[in-house]
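Note sheet for the following structure.
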Amino acid sequence: MSASKSSSRLFTIGLVASWYSSNIGVLLLNKYLLSNYGFKYPIFLTMCHMTACSLLSYIAIAWLKMVPMQTIRSRTQFVKITALSFVFCGSVVSGNISLRYLPVSFNQAIGATTPFFTAVFAYMITLKREAWLVYGALIPVVTGVIIASGGEPSFHLFGFVMCVGATAARALKSVLQGILLSSEGEKLNSMNLLLYMAPIAVVLLLPATLYMEQNVVGITLALAKDDIKIVWYLLFNSALAYFVNLTNFLVTKHTSALTLQVLGNAKGAVAVVVSILIFKNPVSVTGMLGYTLTVIGVILYSQAKKRSK
């Protein structure tokens, strides 16, 4: 029995390590490609991610049978999934654009404010009110980002606006997902939801790529002739984008919701430290204090939510 528990614990640790590695890996590689390497095509990069998610989702569900295949049951459900895909695209594209201008550490600090936007959208859309203690916990979340912004040596206004937009869109997606797919006949697990959202996202992103990033395929091929590594970077990066979703699903399945929240908070802090070590972007004491306050606020928010339930 103890051997079984030990192997189960090792499996969970391995899952968490894979989740961390894929999350931080795709974030750092996005930053490297868009900022350091000079591949200035965030919409095309997002389309590569969604294409990989489409193919790998189908392989995982239809061929490997990782989860049972769920079908779209109505035109209404398809419209709802399309709406989610649109918001999802906006979130990922805005996040990738922000990485061209902001260091990963500051990007993560802004991203930690997701609970604030989730609470705002939940109230605006569903009129659902939380306990005052929950709202009070959001004060240090926002205050921390304001402090971090003031002390950020590499602050860039457009990058900041894009990152805030990405964070807000991510929160909006989670609220809409809870509403749109809440009825018993429409519930999809996250693996199947990605299977249907990713191809729709590719269709939405294709015209945007062709219009806003003209001749990006030709430019990428020209880059590949000079440096074949760009092809491997894009392939590896796109595969990692799928494994972020896969490992997130598996970690959610094998741990509790509270454990996932704690691990998620810690993941952001680890990403900050790793990015500073790799990219050596300048950081200030004020900026780090602001980010620390935000993380503390997120932890307090999680605890307040748990108590209110």
Practice task
Pick out, from the range 128-232, the helices (runs of 4 or more DSSP H) lying fully within it that include 2 or more residues that are under 21 Å from the mean Cα position of the chain (by Cα) and polar (S, T, N, Q).
Solution key: 157-180, 190-212
Exercise for the section: Consider only pairs whose beta carbons are under 7 Å apart and that are at least six residues apart or on different chains; among these, list those whose first residue lies in the range 210-236 and is surrounded by 11 or more Cβ atoms within 10 Å (Cβ to Cβ) and whose second residue is outside any helix (DSSP H, G or I) and at pLDDT 95 or above. Expected result: E213/Y41; V216/Y41
Practice task
Might you check whether a residue that is without any contact (Cβ under 8 Å) to a residue 60 or more places away in the chain, within 20 Å of the chain's Cα centre (by Cα), within 27 Å of G14 (Cα to Cα) and not in a helix (DSSP H, G or I) occurs anywhere in the range 249-260?
Solution key: yes
Problem - Enumeration of residues in the range 162-187 that are over 22 Å from N245 (Cβ atoms) and without any contact (Cβ under 8 Å) to a residue 40 or more places away in the chain - result: S183, E184
Completion exercise
Checked the range 121-149 for anything of a type in the set (S, T, N, Q) and either modelled with pLDDT of 90 or more or under 17 Å from G165 (Cα atoms) (or both); matches are T143, S149
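The values are calculated or read from the model by the stated rules, or taken from the named source; none is laboratory data. Since we're looking at a predicted model, the values are computed, not measured. Neighbour counts are summed over all protein chains in view; Cβ atoms, including those assigned to glycine, are modelled from backbone coordinates with ideal geometry.
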